[in-house]
Amino acid sequence: MLVKPRRLGPAFLVLLAGLAQAAELPLKLDSALVIGRTGQRARNPLHTDALELQLVRGDWQPPRAGDAVAVPGGDPVRWSYKEANDDGWLGGPELRGGHVYWRVDSPRRRFAVLHARGHSSVRVNGAPRYGDPYNTGWARTPVVLEKGANHFLFRVGRGRLQAELLPSEGRAEIQAADRIGPDMVVGRPIDAEGSIVVANLTDAPLLGLQLRSTLEGGRTQSTEVTRLAPLAVMEQPFRVKGPAASGEKGRLRLELVGKDGKVIDQEMLDLDVRKPEEARWVTFRSAIDDSVQGYGLRPALEVGPKEKGLILSVHGAGVQGRGQANAYGNKDWAHVVAPTNRRPFGFDWEDWGRLDALEVLDHARRSLGTAPQRTWLTGHSMGGHGTWQLGVHFPDHWAAIGPSAGWLSFWSYLDSGRPEGDTPTQRLLYRAQSPSDTPLLFDNLTPLGIYILHGDADDNVPPSEAKQAIELLSDFHDDFRSHFEPGAGHWWNRDDEPGADCVDWAPMMDFFRRHHRLESPREVRFTTVHPGVSARSHWVTIHAQDEPLLASSVDLRRDPHQRRFQGTTENVARLVLNASHLLGEGAITIAIDGASREVPAPADGRLHLVRDFEDQWTAVDGFPPADKSPERAGSFKDAFRRGFVLVPGTVGSRAETAWALAKARFDADTFWYRANGRVEIVPDGVFEPLEHRDRNVILYGHADSNSAWSELLGGDELEVRRGMVRIGDTARRGDDLAVFAIRPHRDSAVASIGVVAGTGPVGQRLTETMASFVSGIHWPDVTVFSPASLVPGSEGVVAAGFFGIDWSVADGTIAWEPVAASPAATAVGHDAARNE
């Protein structure tokens, strides 16, 4: 964001003096300029916003009361003066999707901490910083106040904002408002992990810090603090180790220690102590980002069956996993396990929320030793949607599912149709949303028992969502039940038995107990829209698709005595079949899609099949590790799902370097807030590719501004430079283009390279407006867009699509808009072979 100077008349100087606040800290926002919506946002990769368009183009300047922002196709929206109430909150209908401008004058350059609540994001002197849309109080943002005027531009989504600037003292601090600590269990020593946020309060990187943790009665544990980028916050793990608790709380001392061994900051934390039969909080280390995550556990009683089952219960919006576990009574036949979705709101059990549920399920199964065939899935509200989502994507994980007050998809819940787009580029852009289209995969529910629960007076999630599911299931399913509780709203509990009825509903629990998962069925019918999300059902893996992110399905049967697989496929390019359960010895017959042939039995029991030149299935020894696979299938957001590290460029201009660091820090901090994530920022000059070979790497900047580009993507079919982006043989010129893309890491069979780049200042600022960490918003393998994407009715997507199975452009599906779609761009080269 550029702040343009403007000439100030005498009357404006008087008004501005009333709005500006001198930076005597602490300083509360008590008055500001506000403006209502200047565009439209939805669960959509494209949104419109006239104010953001000013920011992106560099036309924005500090507003005056009465200034108007012209909104194409609508009336102008004006800035107005507003004062905070006695509690320090600015509020009003204009702040439901509007902006707040606050100017702060500082007599000198100094550091501060911005503590704000209710904002989606804020720009501080042009740099984007994360927000606190859910009003948690976690957002304590290190900032620099420059000498003179400082400009804070908040985007507010939920109708109110509170903000204050606090003095910054020292180099770093522990921010204890957001922390994860394991519960202690009576009579049991503890050896577990927790995490807490550490902030860098300076504009230089911090290295060599230690986080020391001492549990009362135990030995001090020391953990190295990961490199902290300037003015950044980061979740830092620590170890909790000590004897069994002797009181109601476990006392834990945390100390942040510098290189010199001196304590910089410290906090005392209380750990809850639970009886063995009580619900408790369990922690583990995530493979996604090496963060510490947790889940609620309501343990099964020791009486009853020796081998216990597992109920995975996914919570509703704003509910903690701990609270979800507390909503159940103890059972003698199953443990109740409640993952977090990465946050109380998180990702609607899609994206990283879906991955969290799978990680928790795996951790709980291993630690509890539950029976795989006795695993059930349920959830309430947003968790009801999560039940549908996890059910359709992973049908072989569950014996039965029970959505309560659940909605099917974003489009059914919002009563809007799924967007499909009017142009080839838009159609490919919106195709990336297929994993969110739950009803598209409903056939996968065929082998599962289903119990649908809903209050018939629910005014939060309408009962029509459950009725739509019933209508869809009635066409093919013969093992589902439904119950609409008369007069019940969204959350209800009608009896005095332990557990809340809307989640711990006795008839549904009885339904679960009657259902066991079939270990190895003879027949498998399975559909996926993205092997990177879900590729396997029982003994079948859809390894790759012909047309990416369209429905790919198999209807296969295995005949063990005949050593034969037969059936049909649709939109499947590569298959893996587990042949280890076939009986006898010798060749295997493949009778799939109308042709039959014999193939040798694989030594490892995994049969790899591809289509040959005659469009028949043939066996191969394996697939090239450099190709797309379920472990590395794209699309763009997949780059943020494997121990990823953010690498901003430093070899470009001063403006390019400042943008790259600010955007990387914004993404890291946003991922911490939304995903309880832990993300390392390593500048290109420090980055060592061999140390991160099997980690995903996100490059911020282009080939001229990021020195890591040449080693990771030099000679690649994707190239971004100043004033130009090229995909294969097609290029566009202009400084207003933004690029999101994912490419394979050449030195790894599993890691990817993400690209966040702009061809110039306008394109770079445009990347800051696009939501990467919001569920329901998806991007294909590559997207190139211009500022026109922020204008209603304009085609701002310049290129979009998917690379081929071998990650090539020629075998991919990539569309370009005509040159006129990007006024500042000129075409170079020719269109790729398979443009839509």
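Taken together, the values in this text are just the output of simple stated rules run on the coordinates, not laboratory data. Small disclaimer: the values here were computed from a predicted structure and weren't measured. Here the Cβ is made from the backbone with ideal geometry for all residues, glycine too, and neighbour counts use every protein chain on show.
Looking at the chain, the DSSP beta bridges with both ends there are about 80 percent antiparallel. So which lysines can Lys147 reach, going by Cα to Cα under 30 Å and dropping same-chain residues fewer than 8 places off? Straight-distance partners of Lys147: Lys4, Lys28, Lys82, Lys663.
Between Pro463, Gln616, Val576, the Cα set farthest toward the positive side of the dipole of the chain (charges on each charged residue's Cβ, about the Cα centre) is that of Pro463. Count Lys and Arg as plus one, Asp and Glu as minus one, and take only other residues whose Cβ is under 14 Å from that of Arg41; the net charge is then +3.
Once the chain from Gln566 to Glu169 is taken as fully extended at 0.36 nm per residue, the excess over their C-alpha distance is 135.9 nm.
For a straight C-alpha distance cut-off of 21 angstrom, the lysines reachable from Lys628 (same-chain residues fewer than eight places away being disregarded) are Lys637.
Extension gain, Asp694 to Ala506: 0.36 nm times the residue separation minus the Cα-Cα distance gives 63.0 nm. Computed over segment 266-411, the P(r) curve from all C-alpha pair distances, binned at 10 Å from the origin, holds 12, 44, 34, 8, 1 percent per bin. Projecting the Cα atoms of Gly701, Gly714, Leu737 onto the charge dipole of segment 677-779 (Cβ charges, centred on the Cα centre) puts Leu737 farthest toward the positive pole.
What does the extension gain come out to for Asp811 and Arg108, with contour length at 0.36 nm per residue minus their alpha carbon separation?
Result: 247.3 nm gained on full extension.
Under the rule of -39500 (n - 2.57) per DSSP H run of 4 or more residues, summed and divided by the residues of the chain, what mean residue ellipticity at 222 nm is obtained, to the nearest 500 deg cm²/dmol? Result for the chain, helices only: -4000 deg cm²/dmol.
Simple spin-label estimate for Ser474 and Glu614 gives 4.8 nm between the two label positions (7 Å along the Cα-to-Cβ direction from each Cα). Relative to the Cα centre, the charge distribution of segment 22-101, modelled as +1 at Lys and Arg Cβ and -1 at Asp and Glu Cβ, gives a dipole magnitude of about 340 debye. Can you compute the charge dipole magnitude of segment 32-152 about its Cα centre, using +1 on each Lys and Arg Cβ and -1 on each Asp and Glu Cβ, nothing else charged? Give it in debye, rounded to the nearest 20. Using only the charged Cβ atoms, the result is roughly 400 debye. Distance between the pseudo-spin-label points of Glu307 and Asp87 (7 Å out from Cα toward the beta carbon): 5.4 nm.
Taking a straight line from the alpha carbon of Lys275, these lysines sit under 17 Å away, with near neighbours fewer than eight places off in the same chain left out: Lys249, Lys331. Beta-bridge orientation, segment 296-439: approximately 20 percent antiparallel, per DSSP, counting only bridges with both partners inside.
Ordering Leu95, Ala662, Trp505 by the projection of their Cα atoms onto the charge dipole of the chain, which places +1 on the Cβ of Lys and Arg and -1 on the Cβ of Asp and Glu, puts Ala662 at the extreme positive end. Simple point charges give the picture: +1 on the Cβ of Lys and Arg, -1 on the Cβ of Asp and Glu, and for the chain a dipole about the Cα centre of about 2060 debye. Note on Glu519 and Ser367: their simple-model spin labels are 2.7 nm apart, each label 7 Å out from Cα toward Cβ.
Of interest is the spacing of the C-alpha centroids, which for segment 270-309 and segment 120-156 amounts to 37 Å. Paramagnetic label reach from Ala42 (point 7 Å along Cα→Cβ; backbone nitrogen cut-off under 14 Å): within segment 412-455, residues 412-422, 430.
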